[in-house]
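So the structure is just underneath, and the comments pick up after that.
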Amino acid sequence: MTAKIDEIGYVTHAENLGFSHCWVTDSPIIRSNCWAVLALAAQATRRMRLGTGVNVPALRLAPAAANGIATINRLAPGRCFIGFGTGHTGLRLLGRKPMRLAPFRAYVEVVRALLRGEEVDYTLEGETHPIRFQMREHRFIDLDHAIPVYVAGFGPKAQALAGEIADGLISGLPRGGTLPAMLANARRGAARGGRTLPADFYTSAMVTLVMREHDEALDSQRILAECGAAVLSGLHYLVAQHLETGEDPPDYARSIWKAYLGWLDEAPPEVRHQRLHGSHYSFLDPKEARFLTADLIRGSTLSGTPDELVEQVRELERQGLKQIMLYPPLNRQYRVIEDFAATVMARL
């Protein structure tokens, strides 16, 4: 969910509908503080698992991230998890590129060791010292109930890293590749780390679902209102990758690619990152809506009638997916989760 401090009722409603996890975003330039949102969610829920989807290491020290989720675990013992990503939105909104994998890995390993109650060598400003959580007997935090650590990965290297050092992989469909390919990368990473991918390795994917009515056009006004913000956020990712690496767009984005880059270039270079991520998963910007095509929607979503979506979800489950993550726009979030619960979840 979008980290919004006054929308905890949405989390409670989702729990009552049968949703199992609440993934809170970590983008301080555009969202509420993730720990404050999680603390309120912990008090308002009873069964739902709570965590970050995903924390950005460059925004805070590793001990602070470990402390954050361990504190929430004190409020919701055994219901917490923490996810980490290299910083697609959280860093790009600061005008910076995502974190490189080597420092990212080191950060995650420090957090993982601290959450296991271990002592770990921690390097800060060129000095390395052993650290561990102290005064645990006073119960400021909870490490007694395990806190899984997940790694977000959309490319083969990050997916392999998840298999090597994490309890699960967070990715996206179709942007992260096919599920068999993701798991193959994770297994390769696990082998590199000298382990077999655990049977309980948790695979979750952020998916934009388009629940179509019979013969409804993919670019109908209803679908644009419910899915347009997410589809454009996927386009933001592709554009950011292109600007940093020169990577070509996928076929489904080619028809609007040049025009979109032209629109983006209307902003001064020093604030282009603000324009690119200005509507991020929250609302459909009327100035961007003209770039939404049926091809763009088809290529970046899971679409179909309720019957078709049920079968697609079942197939993903057979392939090894444990969870689908939904990210609806603010003004449609209640409707989207209610429709999904009634038309898809009820039949799974």
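The values are calculated or read from the model by the stated rules, or taken from the named source; none is laboratory data. From a predicted model like this one, the values you see are computed outputs, not experimental measurements. All Cβ positions, glycine included, derive from the backbone under ideal geometry; neighbour counts span all protein chains shown. For the accessible areas, the whole protein counts, side chains as well, though only heavy atoms, and no ligand, DNA or RNA atoms are used. Shrake-Rupley method; radii C 1.70, N 1.55, O 1.52, S 1.80 Å.
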message = When the residues of the range 42-65 are narrowed to those that are hydrophobic (A, V, I, L, M, F, W, C) and within 18 Å of the chain's Cα centre (by Cα), which ends up surrounded by the fewest Cβ atoms within 10 Å (Cβ to Cβ)?
response = Ala58
inquiry  = Consider the range 191-210. How many of its residues are among the hydrophobic types (A, V, I, L, M, F, W, C) and open to solvent by less than 30 Å² (accessible area, probe 1.4 Å)?
reply    = 5
Residue in the range 119-133 that is under 22 Å from Ala76 (Cβ atoms), among the basic types (Lys, Arg) and surrounded by 13 or more Cβ atoms within 10 Å (Cβ to Cβ) present = no
request  = Give the residues of the range 85-113 that are surrounded by 23 or more Cβ atoms within 10 Å (Cβ to Cβ) and in contact with a Phe, Trp or Tyr (Cβ under 7 Å, 6 or more places away or on another chain), sorted by residue number.
outcome  = Thr86, Val108
inquiry  = Regarding the range 172-188, can at least one residue be identified that is among the basic types (Lys, Arg), open to solvent by 10 Å² or more (accessible area, probe 1.4 Å) and modelled with pLDDT of 95 or more?
reply    = yes
inquiry  = Taking the condition of being among the aromatic types (Phe, Trp, Tyr) and open to solvent by 20 Å² or more (accessible area, probe 1.4 Å), how many residues in the range 1-38 meet it?
reply    = 2
task = Enumerate the pairs (first residue in the range 110-133 and assigned to a strand (DSSP E or B); second residue anywhere and small (Gly, Ala, Ser) and modelled with pLDDT of 95 or more) with beta-carbon separation below 6 Å, excluding pairs fewer than 6 apart on the same chain, so at least 6 apart or on different chains.
result = Val120/Ala113
key: Single match in Ala184, Ala166 (criterion: in contact (Cβ under 8 Å) with a residue 12 or more places away in the chain and of a type in the set (Gly, Ala, Ser))   = Ala166
Subset tally (residues that are more than 23 Å from Met206 (Cα to Cα), among the charged types (D, E, K, R) and modelled with pLDDT of 95 or more) for the range 73-99 = 1
message = Would you confirm, using the coordinates I've provided, whether Ala166 is more than 29 Å from Pro250 (Cα to Cα), open to solvent by 10 Å² or more (accessible area, probe 1.4 Å) and not aromatic (Phe, Trp, Tyr)?
response = no
query = Which is over 15 Å from the mean Cα position of the chain (by Cα) and within 16 Å of Val54 (Cβ to Cβ), of Leu169, Leu183, Leu161, Leu197?
reply = Leu161
message = I'd like the full set of residues that are out of contact with any Leu (no Cβ under 9 Å at 6 or more places or on another chain) and either among the polar types (S, T, N, Q) or in contact (Cβ under 8 Å) with a residue 60 or more places away in the chain (or both), limited to the range 24-49.
response = Thr25, Ser32, Asn33, Thr45
